[in-house]
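Participant: Below is the structure I would like to discuss, written out as C-alpha cells.
The values are calculated or read from the model by the stated rules, or taken from the named source; none is laboratory data. Values in this document were obtained by computation on a predicted structure and should not be read as measured data. Heavy atoms of the whole protein, side chains included, go into the accessibility calculation; ligands, DNA and RNA do not. Shrake-Rupley method; radii C 1.70, N 1.55, O 1.52, S 1.80 Å.
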Amino acid sequence: MDINEREIIINCQRGNAGQFGELYDLYIRKIYNFIYYKTFHKETAEDLTSETFFKALKNIKNFDASRNFSPWLYRIAQNTVIDHYR
C-alpha cells in the first residue's frame, strides 16, 4: 500500500468518508472483475460489488491502517459472494 492510500484510509477513519471515493476508484474494476468471475452474471456482480464497497466503508474504522488494504477488501468481496450463494 502506498503512502497516499494509507493517508486516505486514515482520513476516512477520522470521519472524512468523502475520500473513500478515491479508494473506490482505485479498486472498483478489480473487485468487479473478481466478483464477476465468481458469479458470471453482470447484474449480480454489480450488486455484490456495490455491497462490498458499502461494507468496506461501513467498517473502515475497524481496519488496521498499518496493514495492506487490498487483501482486506478482497476478503470482504469473497465473503459477500459466499453470503450470496448461501
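Participant: Measure nothing fancy, just the Cα-based angle from helix 20-39's long axis to the longest principal axis of the chain, in degrees from 0 to 90, nearest 10.
Facilitator: Its long axis makes an angle of about 20 degrees.
Participant: Still on this structure, I have one more. Given a 1.4 Å probe, how much area per residue of the chain is accessible, in Å²? Please report the intermediate quantities before stating the final value.
Facilitator: Values: 5480 Å² over 86 residues.
Computed with neighbouring chains in place, this is 64 Å² per residue.
Participant: Angle between the Cα long axis of helix 69-85 and the longest principal axis of the chain, 0 to 90 degrees, nearest 10?
Facilitator: Helix 69-85 and the main axis of the chain meet at about 30 degrees.
Participant: A further question follows. Helix-derived [θ] at 222 nm for the chain: sum -39500 (n - 2.57) over DSSP H runs of at least 4, divide by residue count, nearest 500? Kindly include the intermediate steps, with their values, before the conclusion.
Facilitator: On the way: 4 runs with 66 residues, N = 86.
Using -39500 (n - 2.57) per qualifying helix, the result is -25500 deg cm²/dmol.
Participant: Just subtract the alpha-carbon distance of Tyr24 and Leu57 from 0.36 nm times their residue separation and send over the number in nm, one decimal. Please list the in-between numbers first.
Facilitator: Numbers: separation 33, 0.36 × 33 = 11.88 nm, distance 0.96 nm.
So the chain would gain 10.9 nm between Tyr24 and Leu57.
Participant: Okay, next question. Can you give me the % of accessible surface on segment 30-86 that is carbon or sulfur? Probe 1.4 Å, all protein chains present, nothing else counted. It would help to have the intermediate numbers written out before the result.
Facilitator: Values: 1810 of 3650 Å².
Taking all protein chains in place, segment 30-86 shows 49 percent carbon and sulfur surface.
Participant: Relative to the first principal axis of the alpha-carbon coordinates of the chain, what is the inclination of helix 3-13, with its axis defined by its Cα atoms, in degrees from 0 to 90 and to the nearest 10?
Facilitator: 90
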